[in-house]
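Down below is the structure, laid out as structure tokens.
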Amino acid sequence: MTSKINGARILITGGAGFIGSYVVEELLPHNPKKIMIIDNLIRGSHENMKNFSKDPRVEFILGDLRDTELLEKCISQSDYVFHMGALRINSCAADPKEGFEVMLKVTFDVAQLCVKYKIKKVIYSSSASIYGLAQHFPTPESDNPYDNQTFYGAAKMWGEQLFRSYKFMYGLDYVALRYFNVYGPRMDTDGKYTEVMIKWLDCIRDGKQPLIYGDGSTSMDFVYVSDIAKANVAALLANVTDSAFNVGYNRETSLKELLELVLKANNSVLEPKHMPENTVNPVSRRLADTSKALNLLNFKAEVSLEDGLKKLSTWYFEKQKAKTTV
Ligand SMILES: NC(=O)c1ccc[n+]([C@@H]2O[C@H](COP(=O)([O-])OP(=O)(O)OC[C@H]3O[C@@H](n4cnc5c(N)ncnc54)[C@H](O)[C@@H]3O)[C@@H](O)[C@H]2O)c1
């Protein structure tokens, strides 16, 4: 049986970003006719796209998703849409008006245009943030989102519900993927909101003590970026619609354990420095129940945290070396 992707035209919003660029790489072996990327590069980059920048099937369009004419032009030429363009959680909190435009208005436009141009299926990047502090661990998709306190989580939940209502009203097929804590090469190393793993790698590079705020018991479910890309392709290929799926590894790791693993991956003997808690983190635990994705999408994350951290560290130090030799 030939894959749905074979010969298809696909739009990826935010495809120059961290996760989007891996989705492009995961789609190409399925032989799509065309992949269009719209990205304004506020966070994405040409560097992220370098593995496929010369592939004639991929068209990168430097543009803003708030440009409805551009969005319409691209959606009118597509069979499938991966809607991944978004602001980070902290950017939404810093500027909710922009958060509204990019997270809500753009998602509304995407849904409207997907109905207008009879898109066969939309894969929507949602987030574990919708749960806030979940009710159950591991967290099933049926847990409610009432604990979420963030604009970002609210926007992602609204996006999921928007696509649900468009399925109900107009028959638009979609799958929403709730990513847990995504990491891997190409994650942001020098932005304003750099993740803790990168801060610790900076400490290893500089021979400085890595900092842990509080007792380090806050836990997360880390999932490697290429696994997220595989989940996106599985969601497109599966005969499943109108459903949301957790995408995690189903392993709970505290920040304290994470630091030990980061140090071990780099053969580092640095001792952590414990600091008083500086912010109140209302989400103290994350652990995905991943059985729904296994049963219905036939997807299971494969890259262990140990292996993923080694790959991340190798990439990070190669990048540092390249910086110093320029
Ligand atoms: N990284 C994670 O841990 C994580 C977790 C849960 C959900 N997600 C979701 O996954 C998706 C991809 O995330 P990511 O980690 O790759 O983030 P990212 O910031 O690397 O990718 C988002 C891309 O969207 C682009 N973009 C933002 N606003 C735009 C606009 N107005 N016009 C055009 N392009 C615009 C950015 O330049 C960027 O390349 C997002 O929807 C994000 O909310 C990510």
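Multiply the residue gap between N267 and T324 by 0.36 nm, knock off their C-alpha separation, and tell me the result in nm, one decimal place. Write down the numbers at each step before the final one.
On the way: separation 57, 0.36 × 57 = 20.52 nm, distance 2.21 nm.
The N267-T324 span can extend by a further 18.3 nm.
Show me, for the stretch 295-306, the HN-Hα J-couplings you get by feeding each phi into the Karplus relation (A = 6.51, B = -1.76, C = 1.60, θ = phi - 60°), rounded to Hz, glycine and proline as x.
3J(HN,Hα) across the stretch 295-306, in whole Hz: 5, 9, 10, 6, 10, 9, 5, 10, 7, 5, 4, 4.
Once amide H atoms are placed 1.01 Å from N in the peptide plane, what residues at a sequence separation of 5 or more from V223, or on another chain, have their amide H within under 5 Å of its amide H?
Answer set, sorted by chain and number: N181, V182, Y183.
Quick one: if you stick a label point 7 Å off each Cα along the C-beta vector at E47 and L211, how many nm between them?
That separation, rounded to one decimal, is 2.4 nm.
Express the relative contact order of the stretch 41-197 as a whole percentage, based on alpha carbon pairs under 8 Å and six or more residues apart in sequence. Show your work: numbers first, answer last.
Working: 177 pairs, mean separation 36.2, N = 157.
Dividing the mean separation by the residue count of the stretch 41-197 yields 23 percent.
Quick one: if you stick a label point 7 Å off each Cα along the C-beta vector at S284 and M169, how many nm between them?
According to this spin-label approximation, the distance is 4.1 nm.
Please compute the contact order of the stretch 198-326 in relative form: average sequence separation of alpha-carbon pairs under 8 Å and at least six residues apart, divided by the residue count, as a percent. Intermediate results must be reported in sequence, preceding the final value.
On the way: 164 pairs, mean separation 49.8, N = 129.
Once normalised by length, the contact order is 39 percent.
Explain nothing, just compute: Karplus ³J(HN,Hα) = 6.51 cos²θ - 1.76 cosθ + 1.60, θ = phi - 60°, for every residue of the stretch 51-56 in order, whole Hz, x for Gly and Pro.
5, 10, 5, 9, 6, x
Determine, from the Cβ-Cβ distance of E302 and D202 and an R0 of 25 Å, the FRET efficiency 1/(1 + (r/R0)^6), rounded to the nearest 0.05. Don't jump to the answer; show the numbers that get you there.
Values: r = 28 Å, r/R0 = 1.12.
After rounding, the FRET efficiency stands at 0.35.
Which of the peptides 18-29, 93-104 is most tightly packed, and how do the rest follow, judged by the mean count of other Cβ atoms within 10 Å per residue?
Details: 18-29: 21.8, 93-104: 15.7.
Per-residue Cβ counts within 10 Å, averaged per peptide and sorted highest first, yield 18-29, 93-104.
When the chain is fully extended, how far beyond the present Cα-Cα distance does K97 get from E25, taking 0.36 nm per residue of separation? Don't skip to the end; give the middle numbers.
Values: separation 72, 0.36 × 72 = 25.92 nm, distance 3.29 nm.
Length difference between fully extended and current span is 22.6 nm.
Of the beta bridges DSSP finds with both residues in the chain, what % are antiparallel, to the nearest 5?
5
Say each of E257 and K120 gets a label point 7 Å from the Cα, pointing the same way as Cα to Cβ; how far apart are those two points in nm?
Taking the two extended label points, one gets 4.1 nm.
Per-residue HN-Hα couplings for the stretch 170-179, Karplus 6.51 cos²θ - 1.76 cosθ + 1.60 at θ = phi - 60°, whole Hz, x for Gly and Pro?
These are the phi-based 3J(HN,Hα) values: 10, x, 6, 7, 7, 9, 9, 10, 9, 6 Hz.
Assuming R0 = 35 Å, can you tell me the calculated FRET efficiency for the pair K310 and D147, based on Cβ-Cβ distance, to the nearest 0.05? Spell out each step's value before the answer.
Details: r = 34 Å, r/R0 = 0.98.
Once the sixth-power term is evaluated, E becomes 0.50.
All of the numbers you see were taken from the coordinates with simple rules; none came from a lab. Predicted model only: the values in this text are computed from it and were never measured. So basically every Cβ, Gly included, is an ideal-geometry build from the backbone, and we count neighbours across all protein chains shown.
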